[in-house]
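Let me begin by presenting the structure, written as structure tokens, before commenting on it.
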């Protein structure tokens, strides 16, 4: 009879495709919105993960997330270095600065200043050039291949060339990506591109520009405090968690391991912004759309077939068998609808890969969508099952 | 009708407490059924006595609302009686729990519904095979047997068709095939000729009556169609929740009945 239950489901084309569409759309909306949310949220702490070889981040205790500039005193570096268990400590500058391009266009950039001596916390993936090149005068390394805002130069200018006096360059003219040798202005100071790097997409727009710490300070607006964080490497054998506590105890600064700092950053965006609520609403909408469309369709499908279930019941089918048939129909519809939705989300994700859209489908997301679809199917089938259980087989003689 | 009605059932010897005849398929005594409660209660059956002979075709006739449908629902094990006695081929249906009653119906009863109730998503043969599949037979074997019985009903080669592509008469024959494929002892038919023309109705009823001609079988038909009354061995006239009279028909009557 279970085979016949499947045939009954597949045979009612209009309702079957309606149910599939409803469940597919629900799982699509749930998985897609959840993936975009995760992608967006993971961008908030992507920079922390990109800084390699660092055990501990030391920062102002009132700082909530990595992009929030609450600079430390210069003395913080030495104080941290003085804590037992610290192998080395390096300063880090991170700030949003405006770069002026040769055509006069201004572009917001993430400027990262790394330790002049050790070049620790440099860019993770170098496309062209070397980190050591940052020691050259005015040297900067610029992010390329960004989905958000790449640094684009006028095509008519060769790398390193500047417009001749009186030469007009149309800001809307043809562009080319930044190349080694290109020159930009950061806060009215010259910066020469000596390398190209790839960085993870971050929450803030604009390309990332790496330079050494001392030079970054020259680009940054004058301020009494400029050090964004101190990056620490623990001595071999020293527990980073214990070292964090020691640093906080002895300096008063916040000290967290990269993962903990990432979670602190994530916690800020989750708790202090409306982003989770907005995405939560979209996800809930997907769920309720699923309940409304698929649930209603499935219920109607069962209602339409109630007379046949009644006939089966009269012919000796037990209530358990009929419930099994309804449950199987719901399960099959759920699996197919889920597959349809997740397939569409995967296609969407592949299409969005490398684009501006933040999209990250964690392995848990399909399971969450499956859980939601399961709940929709259970809700729909329980109501339908109720009708089937309550069905009086004698009703078949009443034209039920 | 050429035969004179017998006295009301309550006046028959059976109703007076005589031991059931071994040829009886169904025995009902003082069966009552009420729907609803209080002032809105409807007494559908008010103490029905009825003996349905084995090897014969019995018709339940009477005006709408007289309790025919309630009565066949009870004697087919679809509805529980409120009071009275009921034995079908010696089985007291009231003694069976719900799951055992379902199994009893599955093994002993064939149904022909007024609306046919053929599942449109299944093929004709699959519809016919349902009783066998319910009994645990494999779908393949059940469908093969379904095609065989369809052939005996003049529907050879139509097993893979969709039920809705058949005419009303053909659908009725499919419903008959479904009701008979598992060779039930009791065949219950609700207005089996209501959707058929006179000629087809007679042919269908003739086929059904032929299936009743076995000492371990019985056919009960609810009908308004007086064109087929002549095919009955027994006609129970119902009114207001009671069997008012019973006609026992003989072959002579049969031959005298209008065709």
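The values are calculated or read from the model by the stated rules, or taken from the named source; none is laboratory data. Everything quoted here is computed from the prediction, not taken from an experiment. In this analysis, Cβ positions are derived from the backbone assuming ideal geometry, glycine residues included, and neighbour counts consider all displayed protein chains.
Given the structure, is residue A:284 within 22 Å of residue A:390 (Cα to Cα) and either buried (at least 18 other Cβ atoms within 10 Å of the Cβ) or away from every other protein chain (no Cβ under 14 Å) (or both)?
It is false that residue A:284 is within 22 Å of residue A:390 (Cα to Cα) and either buried (at least 18 other Cβ atoms within 10 Å of the Cβ) or away from every other protein chain (no Cβ under 14 Å) (or both).
Within the range A:268-281, which residues are free of Cβ contacts under 8 Å to residues at least 24 places away in the same chain and either assigned to a helix (DSSP H, G or I) or within 14 Å of chain B (Cβ to nearest Cβ) (or both)?
A:271, A:277, A:278, A:280, A:281
Sort out which residues of the range B:130-144 are more than 9 Å from every other protein chain (Cβ to nearest Cβ) and either closer than 30 Å to residue B:87 by Cα or crowded, with 18+ Cβ neighbours inside 10 Å (or both), and write them in order of number.
B:132, B:136, B:137, B:142, B:143
Criterion first (in contact with a helix residue (DSSP H, G or I) (Cβ under 9 Å, 6 or more places away or on another chain), modelled with pLDDT of 90 or more and surrounded by fewer than 19 Cβ atoms within 10 Å (Cβ to Cβ)) does residue B:195 satisfy it?
Judged against the criteria, residue B:195 is not a match.
Taking residue B:56 as the residue in question, decide whether it is on the phi < 0 side of the Ramachandran plot, within 14 Å of chain A (Cβ to nearest Cβ) and either buried (at least 22 other Cβ atoms within 10 Å of the Cβ) or in contact (Cβ under 8 Å) with a residue 12 or more places away in the chain (or both).
no
Has the range A:378-388 got any residue that is more than 16 Å from residue A:301 (Cα to Cα) and surrounded by fewer than 21 Cβ atoms within 10 Å (Cβ to Cβ)?
No, that holds for no residue.
Residue-wise test of (1) under 24 Å from residue A:51 (Cβ atoms); (2) at pLDDT 90 or above.
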position	(1), (2)
A:132	yes, yes
A:136	yes, yes
A:149	yes, no
A:153	no, no
A:158	no, no
A:185	no, yes
A:197	yes, yes
A:211	yes, yes
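Say whether the condition of being without any contact (Cβ under 8 Å) to a residue 24 or more places away in the chain and in a helix (DSSP H, G or I) is met by at least one residue in the range A:384-392.
Yes; the residues of the range A:384-392 include at least one that is without any contact (Cβ under 8 Å) to a residue 24 or more places away in the chain and in a helix (DSSP H, G or I).
Could you run through the range B:72-89 and say how many residues are facing chain A (nearest Cβ under 10 Å) and touching a strand residue (DSSP E or B) at 6+ places or on another chain (Cβ under 6 Å)?
2
Within the set of pairs 6+ apart or on separate chains, which have a first residue in the range A:123-136 that is more than 13 Å from residue A:193 (Cα to Cα), a second that is modelled with pLDDT of 90 or more and in a loop (DSSP other than H, G, I, E, B), and C-beta atoms under 7 Å apart?
Within 7 Å, no pair qualifies.
Could you list, in sequence order, the residues of the range B:90-106 that are out of contact with any strand residue (DSSP E or B) (no Cβ under 8 Å at 6 or more places or on another chain) and free of Cβ contacts under 8 Å to residues at least 12 places away in the same chain?
Hits for the range B:90-106 are B:90, B:95, B:97, B:98, B:99, B:100, B:102, B:103.
I need the full set of residues from the range B:228-259 which are at pLDDT below 80 and within 30 Å of residue B:174 (Cβ to Cβ), in order please.
Residues satisfying the conditions are B:249, B:254, B:257, B:258, B:259.
Would you pick out the residues in the range A:287-307 that are part of a helix (DSSP H, G or I) and at the interface with chain B (Cβ under 8 Å from one of its Cβ atoms)?
A:307, the sole residue that qualifies.
Give the residue, chosen from A:310, A:316, that is assigned to a loop (DSSP other than H, G, I, E, B) and within 14 Å of chain B (Cβ to nearest Cβ).
The conditions single out A:316.
Going through the range A:351-376 one residue at a time, which ones are modelled with pLDDT under 85, in a helix (DSSP H, G or I) and out of contact with any helix residue (DSSP H, G or I) (no Cβ under 9 Å at 6 or more places or on another chain)?
Scanning the range A:351-376 gives a single hit, A:351.
Please go through the range A:56-76 and pick out each residue that is farther than 26 Å from residue A:142 by Cβ and surrounded by 21 or more Cβ atoms within 10 Å (Cβ to Cβ).
A:56, A:58, A:63, A:72, A:76
Would you tally the residues in the range B:99-122 being assigned to a helix (DSSP H, G or I), within 8 Å of chain A (Cβ to nearest Cβ) and within 14 Å of residue B:181 (Cβ to Cβ)?
Counting residues in the range B:99-122 that are assigned to a helix (DSSP H, G or I), within 8 Å of chain A (Cβ to nearest Cβ) and within 14 Å of residue B:181 (Cβ to Cβ) gives 2.
Mind checking which residues of the range A:124-174 are assigned to a strand (DSSP E or B) and surrounded by 17 or more Cβ atoms within 10 Å (Cβ to Cβ)?
Result: A:139, A:140, A:141, A:142, A:143, A:153, A:154.
I'd like to check something: does the range B:38-51 contain any residue that is within 14 Å of chain A (Cβ to nearest Cβ), crowded, with 21+ Cβ neighbours inside 10 Å, in contact with a strand residue (DSSP E or B) (Cβ under 8 Å, 6 or more places away or on another chain) and at negative phi?
yes
Take the residues in the range A:319-343 that are crowded, with 20+ Cβ neighbours inside 10 Å and within 13 Å of residue A:378 (Cβ to Cβ), then tell me which one is nearest to the other protein chains (Cβ to nearest Cβ).
This residue is A:329.
Mind checking whether some residue in the range B:146-158 is more than 18 Å from residue A:322 (Cβ to Cβ) and within 13 Å of chain A (Cβ to nearest Cβ)?
Among the residues of the range B:146-158, at least one is more than 18 Å from residue A:322 (Cβ to Cβ) and within 13 Å of chain A (Cβ to nearest Cβ), which makes the answer yes.
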